[in-house]
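Structure first, commentary second.
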Amino acid sequence: MPVGLFDAATGRRTRVRADGSSDTPAVPASARELSSGLGAVWMEREGPAHGLDEIVLERYAAAAEVTLERAAALAHTAKDPALVELALSAEAGETERARALRLLGFDPAAPLQALAVALPDQGPVAGLRAMGHHVRAATIGDAEAVLVSTTPAARPPGTPAAGSGPEPPGASRVGIGPEVPGARAAESWAGARTALRFTGPHDRVVRWSDLGALALFADLPEQAIAGLPDVRAMSRLGEESLLAVRALCLAGSIRGAAQAIHLHHSSLAARIARVESALGFSLGDQPGRMRAHLALALVRLVANQRAG
């Protein structure tokens, strides 16, 4: 029974017979159109129709779609940036996004993450590829947008388990969006851009999933955040003082913080005392350290807003 295939991208029409011979026929009116305008397929049974014809044609159409999409992906390699932008656009329709993802080599139903990398450093892209991750990237605005597959099959041994996502190599500032199905890639990109705004010299990689309620501050006007007394006071501190506050907030104790930044605990204690005088509150208890941690994060947010 002859079967036919029409490739809309190339305009090529092929009909193959059981003996392997082929020709270039016209596309019959009864041909089944493939999704996303990829083309069409058909069967030419001689004699009465068979009960399984519809199932066979359906399977044939599904296989043809996969084949044509892969061929289109190879042909569109140079168009990766436009496809990445389409996949991450909040304005894209479900069908458009799904086709863009498939052309980029992603399964729309499989989990992925979007990363926002501060320009001009594109080191994480090459690094993630070298680690074996399936990666596609494009420049969008003032950041490098990176799509990374997080399916276990795409993750080499020794890398983080599903849910934690890839850890970008290098010293770039990177915001990592939440892990979502490919069809919701725009949500991950929005989260990645928000996370990038909280990165800084000593917090170069920030995950959206770690921000929690802090992410809400990204929607507030810069003037409102910059005008907060704690933010004003924290922004006036020098680099050594900021490093000391950060270390104390992370370690929870003077000794632990001193060990983390390779400083004698008495020297750090003296530095923290000066910081407390400048801030106007104590860092000796958890509420004070939480307050300082929030102020540090907001100082980074304001700095990145002004730089952008």
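The values are calculated or read from the model by the stated rules, or taken from the named source; none is laboratory data. Since the structure is predicted, the reported quantities are computational estimates derived from the model, not experimental observations. Because the Cβ atoms are built from the backbone with ideal geometry, glycine has one as well, and the counts that use them run over all protein chains shown. Only protein heavy atoms, including side chains, enter the accessible area calculation; ligands, DNA and RNA are left aside. Shrake-Rupley method; radii C 1.70, N 1.55, O 1.52, S 1.80 Å.
One residue stands out among those in region 236-250 that are touching a helix residue (DSSP H, G or I) at 6+ places or on another chain (Cβ under 9 Å) and surrounded by fewer than 17 Cβ atoms within 10 Å (Cβ to Cβ): the one that is modelled with the highest pLDDT, which is R236. Every condition in (1) part of a helix (DSSP H, G or I); (2) surrounded by 15 or more Cβ atoms within 10 Å (Cβ to Cβ) is met by L283 except one, and the failing one is (1). Consider region 30-42 and keep the residues that are at pLDDT 90 or above and open to solvent by 40 Å² or more (accessible area, probe 1.4 Å). The one that is farthest from E69 (Cα to Cα) is R32. Of all residues in region 213-238, those satisfying the criterion of being more than 19 Å from G288 (Cα to Cα) and free of Cβ contacts under 8 Å to residues at least 12 places away in the same chain are L216, D219, L220, P221, Q223, A224, G227, G238. Taking region 286-308 on its own, how many of its residues are under 30 Å from G141 (Cβ atoms) and open to solvent by 60 Å² or more (accessible area, probe 1.4 Å)? Count: 5.
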